Amino acid sequence: MTSTTTVTAQRQQRPLLRTRFWMHWSAPAIMLIPTVAVLVSLSLFPMFYSLWLSFNEWNLGDRTATWRFVGLKNFITIFTTDPFFWPSVRVSVTFTGVTVAVQVLLGLGIALLFSEEFRGRGLLRTLIVLPLMISPVVAGLIWRFMYNTDLGMVNYLLYLMGFDKVDWLGRQISAMPAVMLADIWQWTPFVALILMAAIQALPDEPFEAALIDGANRWQMFRYLTLPMIRPALMVAILIRTMDSFKIFDLIYVLTLGGPGVSTQVLGLYTYKWGFKFFQMGYASALSYLMIFMMVVFANIIVFFMRRRVD
Amino acid sequence: MGQRIAWLVFKRLLIAITTIFFVAPIILIFLTSIKSRVDALAFPPVWIFQPTFMNFEEIFGLYDFGHYFRNSLVAASTSTIFAMALGVPAAYSLARYKFRGHSNLAFWILSIRITPPIAAMIPVFILFRNLRLLDSIPGLVLIYCTFNLPFVVWMMRGFFEDLPIDLEESAMVDGCSRFGAFTRVALVLAAPGLASTAILTFLFTWNEFIFALVLTGTTARTMPVAVQLFMRETGILWGHMTAAAVIMMLPTVVLTFFIQRYLVRGLTFGAIK
């Protein structure tokens, strides 16, 4: 109360009415303008700039080279003659599909498991969430250590079971599953965390009623829990799909896209055109195709989100 | 009865396995960081050893790791402060004033967050090159501030919308200005949200890799980039590598315990409260 009194006293020293009128109308504008200005100049403007760039050819590595308008040439090249574009799309889609599916199933299982009462639940729930808070670079480093051929924990476990050592990240067939496992390790907790919160927020009454009616565990899960946590599940799927499709750092640290191009996702491929070959026009075209694909995926997921609810 | 106990034991076992799967790699990294070079390279791994902080001393002493640590700290904290200073009033404005195009603006702000960073990277790199902001801390702060703004706005808008407007109105009846109602009432009431938004922003920036990779050289290089380069250069020196990883993880682990309550909200962009 004291603070309000002081405020009143201070305010009365100024021409009250005029100030308040001015503040009332200008406040939202004044508060919004700086943010909008920053976002327009450092986000909207650059994005339009690179859209324009995607119709041009520009080698940033060559100091004398200038822009050259080439129309749709970059896009045509990408779709027809680029030998690595479609493989990258395939790698990205496979990676996203597999990791998101596993993360959602595992995350759901973990959320159910950790929603029951047991001693030390709070602490364990926080502990299993830790992987998602650490930097993907560190996660990559952790898994490089785990997969290390000579010292890694994975090979040590195999050794205990009597198997030979495997160079997980260095072989065409094992690199992709290895990278996927690292991503699953880091992001399953994300799905689990969201679903644990959703399960915790469920009302008790329907479950009590179902119990009286003689429903078994599976029925309660299938007809009560699952429909009720569906919105949270869809949010988790949406966010994970978007993030998984644009993955860059984890793979950069683990394999750099190799061996060969077996783990080269679109983000990494775009990066190579932009910052290894310095073909800014071509890289912009690739990045816009990536955005386009993400928008398509997001719309598909949102479509399913809406449809089943009605 | 026996079946029920077996089921219970099975579930406990699953809980244990899950916890081990997610936590063991982190603990392993920590253990390796306090091993001596000989112990770190032993196979099969040694579990009982004389702990040493030699690795930590060496990465700061031999490789100037303190420089990157400082860069990360400065870039993350400064950009968090700027993003909060710009984004919080904007969020309040979006929460309290329903002007025309209000939801379009909100959606546009959100869409920036969805853009893959690599797509934003190309034009930002060219822009920074022309402005001579490459490899500078101010440049890094500027870009982190920009790309954290949508998060701050979106999160804080949710927190402000949760507050009953009556309190601000009564403060204004008592003679508070509109702006006063924001700073003296809304901000105070939203303090927990404010703190957790700031902490999450800090952590995102602390962990950020792509912008730092492309926009920095030796001067402004942050820890994630340094750690990653370090790994490629020294390869085998796992003691040093893991020590660096532990230093990077430490703030994240500690701060995660503080913001547990708002974690879901923060990570889903306020879609789930």
If we take the range A:193-310, then helices (runs of 4 or more DSSP H) inside it with 1 or more residues that are hydroxyl-bearing (S, T, Y) are A:226-245, A:249-254, A:266-275, A:280-307
Given the structure, is B:L41 touching a Leu at 6+ places or on another chain (Cβ under 9 Å), over 30 Å from A:L113 (Cα atoms) and within 10 Å of chain A (Cβ to nearest Cβ)? yes
Please verify whether A:S284 is small (G, A, S) and over 24 Å from A:G140 (Cβ atoms), treating the condition exactly as stated. yes
Of the conditions (1) without any contact (Cβ under 8 Å) to a residue 40 or more places away in the chain; (2) more than 10 Å from chain B (Cβ to nearest Cβ); (3) over 21 Å from the mean Cα position of the chain (by Cα), A:G258 fails just one. Which one is it? (1)
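Of the residues that make up the range B:206-213, is at least one of a type in the set (D, E, K, R) and within 27 Å of A:L130 (Cβ to Cβ)?
The answer is yes; a qualifying residue exists.
Here is a yes/no grid of residues against (1) closer than 18 Å to A:F79 by Cβ; (2) at pLDDT 90 or above:
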| position | (1), (2) |
| --- | --- |
| A:Y252 | no, yes |
| A:Q264 | yes, yes |
| A:A285 | yes, yes |
| A:F303 | no, no |
| A:R306 | no, no |
Give the range B:57-102 a look and list any residue that's within 11 Å of another protein chain (Cβ to nearest Cβ) and β-branched (V, I, T), or say none. B:V88
On the given criteria, is A:S135 of a type in the set (S, T, Y) and either under 15 Å from B:R12 (Cβ atoms) or not assigned by TED's automatic domain parsing to the domain that holds A:L250 (or both)? no
So which residues in the range A:100-159 are within 19 Å of A:I199 (Cβ to Cβ) and acidic (D, E), if there are any at all? A:E116, A:E117
Are there any helices (runs of 4 or more DSSP H) wholly within the range B:25-135 with 2 or more residues that are in contact (Cβ under 8 Å) with a residue 60 or more places away in the chain and more than 30 Å from B:L194 (Cα to Cα), and if so which? B:37-40, B:54-62, B:117-131
Please go through the range A:223-247 and pick out each residue that is at the interface with chain B (Cβ under 10 Å from one of its Cβ atoms), basic (K, R) and under 17 Å from A:Q200 (Cβ atoms). none
In the range A:119-149, which residue that is more than 7 Å from chain B (Cβ to nearest Cβ) and aromatic (F, W, Y) is nearest to A:V235 (Cα to Cα)? A:W143
Assess whether B:I143 counts as being at the interface with chain A (Cβ under 8 Å from one of its Cβ atoms) and either in a helix (DSSP H, G or I) or touching a residue at least 60 places away in the same chain (Cβ under 8 Å) (or both). yes
Quick check, is A:T149 of a type in the set (S, T, Y), assigned by TED's automatic domain parsing to the domain that holds A:A283, under 28 Å from A:P259 (Cβ atoms) and in a loop (DSSP other than H, G, I, E, B)? yes
Suppose we filter the range B:1-24 for residues that are within 10 Å of chain A (Cβ to nearest Cβ) and either of a type in the set (G, A, S) or not in a helix (DSSP H, G or I) (or both); how many remain? 2
Applying the selection to the range B:214-224, what residues are farther than 11 Å from A:S135 by Cβ and either in a helix (DSSP H, G or I) or at the interface with chain A (Cβ under 10 Å from one of its Cβ atoms) (or both)? B:V214, B:L215
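To keep it simple, each residue is scored yes or no on (1) in a loop (DSSP other than H, G, I, E, B); (2) farther than 30 Å from A:T263 by Cα.
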{"residue": "A:A37", "(1), (2)": "no, yes"}
{"residue": "A:V40", "(1), (2)": "no, yes"}
{"residue": "A:M47", "(1), (2)": "no, no"}
{"residue": "A:S50", "(1), (2)": "no, no"}
{"residue": "A:T64", "(1), (2)": "yes, yes"}
{"residue": "A:G71", "(1), (2)": "yes, yes"}
{"residue": "A:I78", "(1), (2)": "no, no"}
{"residue": "A:P83", "(1), (2)": "yes, no"}
Without any contact (Cβ under 8 Å) to a residue 60 or more places away in the chain, of a type in the set (D, E) and either out of contact with any Cys (no Cβ under 6 Å at 6 or more places or on another chain) or surrounded by fewer than 20 Cβ atoms within 10 Å (Cβ to Cβ) (or both): is that true of B:E233 in this structure? yes
Going residue by residue through the range B:171-182, is there one that turns out to be part of a helix (DSSP H, G or I) and within 21 Å of B:S79 (Cβ to Cβ)? no
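Identify, from the list B:R157, B:R113, the residue that is more than 10 Å from chain A (Cβ to nearest Cβ) and closer than 30 Å to A:P46 by Cβ.
Of the residues listed, the single one that is more than 10 Å from chain A (Cβ to nearest Cβ) and closer than 30 Å to A:P46 by Cβ is B:R157.
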(1) hydroxyl-bearing (S, T, Y); (2) facing another protein chain (nearest Cβ under 9 Å); (3) surrounded by fewer than 14 Cβ atoms within 10 Å (Cβ to Cβ) all hold for A:Y49 apart from (3)
For the range A:102-118, name all the residues that are within 9 Å of chain B (Cβ to nearest Cβ) and in a loop (DSSP other than H, G, I, E, B). A:F114, A:E116, A:F118
Given the conditions (1) touching a Phe, Trp or Tyr at 6+ places or on another chain (Cβ under 8 Å); (2) on the phi > 0 side of the Ramachandran plot; (3) not basic (K, R), every one holds for A:L256 apart from (1)
Give B:V152, B:V188 a once-over and let me know the one that is surrounded by 18 or more Cβ atoms within 10 Å (Cβ to Cβ), within 11 Å of chain A (Cβ to nearest Cβ) and at pLDDT 90 or above. B:V152
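The values are calculated or read from the model by the stated rules, or taken from the named source; none is laboratory data. Here the structure is a predicted model, which is why all the values come from computation and not from measurement. Heads up, the Cβs are rebuilt from the backbone with ideal geometry, glycines too, and the neighbour counts pull from every protein chain shown.
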